[in-house]
Amino acid sequence: MEPPAVLSTGLTNTLDDCRLVQLPQIADPRGNLTFVEGGNHVPFDIARVYYLYDVPGGAERGGHAHKELRQLLIAMSGSFDVVLDDGREKKRVHLNRSYFGLEIVPMIWRELDNFSSGSVCLVVASHRYDESDYYRDYDEFLAAKGL
Ligand code: T46
């Protein structure tokens with residue numbers, strides 16, 4: 001009999017599992033075009049797209065982790081920073097190009113800050129919105145990771 005499949009819970013995900021993805025650029029004198037395909041540029045089917053805009057100076061977003069959700073964050077306009085935290089290490093990533101996305105895997109705490117004026121953060125996500133997928137308490141997040 002086959003052994004039971006090991007479910008990937010993401011509990012052991014680290015910063016090394018998050019990556020910068022260079023997206024295609026179709027250069028054109030009329031303006032450039034970039035696209036994101038589910039299962040190609042991101043390793044999931046795209047279930048949701050949302051965007052952050054009109055972010056006031058000094059504002060911070062995020063401050064949580066997701067249990068299952070995978071996302072790609074793109075600075076569609078302007079720039080911002082994403083601080084990734086796997087419970088052991090932190091890394092600050094500056095996003096300022098509309099043809100680069102930051103893929104964030106489950107069970108990584110993220111905070112967004114340093115938004116430039118007029119910036120827009122586009123997010124493509126693997127699941128629809130579900131509040132029960134969030135860890136919004138940092139200590140609960142650490143405990144879930146066994147840290
Ligand atoms: C992340 C950053 C970049 C919805 O109703 N539907 C949605 O799809 C989303 C994303 C949010 N909401 C509601 C839930 C809350 O009442 O909007 C409110 C703010 O949501 P949240 O705390 O998730 O917003 P951010 O900007 O702090 O975080 C979001 C993502 O959750 C997060 O994974 O990486 O954007």
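Structure summary
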item: Under 13 Å, Cβ to Cβ, from residue 94 - net charge with Lys/Arg +1 and Asp/Glu -1; result: +1
item: In nm, spacing of pseudo-spin labels at residue 111 and residue 143 (7 Å Cα→C-beta vector); result: 2.1
item: Compactness index (Cα Rg / 2.2 N^0.38 Å), the stretch 45-98; result: 1.24
item: Note, ³J(HN,Hα) from phi for the stretch 140-147, Karplus 6.51, -1.76, 1.60, rounded to Hz, x at Gly and Pro; result: 5, 4, 4, 5, 5, 8, x, 10
item: Farthest positive-ward along the stretch 18-144 dipole, Cα basis, beta-carbon charges - from 35, 144, 50; result: 35
item: Förster-model FRET efficiency, 22 Å R0, residue 94 and residue 14, C-beta, rounded to 0.05; result: 0.65
item: From phi via Karplus (6.51, -1.76, 1.60), per-residue ³J(HN,Hα) for the stretch 118-130 in Hz, x at Gly/Pro; result: x, 6, 10, 9, 9, 10, 10, 10, 7, 9, 6, 4, 8
item: Relative contact order (percent, whole number), the chain, Cα cutoff 8 Å, 6+ residue spacing; result: 33
item: Restricting the stretch 61-147 to GluC sites (Glu not before Pro) in coil, as DSSP defines it, with at most 10 other Cβ within 10 Å; result: 89
item: Efficiency of FRET between residue 32 and residue 134 - r from beta-carbon atoms, R0 22 angstrom, step 0.05; result: 0.05
item: Where trypsin sites (Lys or Arg not before Pro) fall in DSSP loop in the stretch 109-147, at most 13 other Cβ within 10 Å; result: 128, 136
item: At 0.890 mPa s and 25 °C, Stokes D of the stretch 18-144 from Kirkwood alpha-carbon radius, µm² per second; result: 162
item: Simple Cβ-charge dipole of the chain, Lys/Arg +1 and Asp/Glu -1, about Cα centre, in debye nearest 20; result: 380
item: The stretch 26-48-the stretch 109-126 distance, computed between alpha-carbon centres (Å); result: 18
item: ³J(HN,Hα), Karplus 6.51/-1.76/1.60, whole Hz, each residue of the stretch 12-19, x for Gly, Pro; result: 8, 4, 10, 4, 5, 7, 8, 8
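FYI, it's all coordinate maths here, none of it is from the lab. Since we're looking at a predicted model, the values are computed, not measured. Using ideal geometry, Cβ is built from the backbone for each residue, glycine included, and neighbour counts are taken over all protein chains shown.
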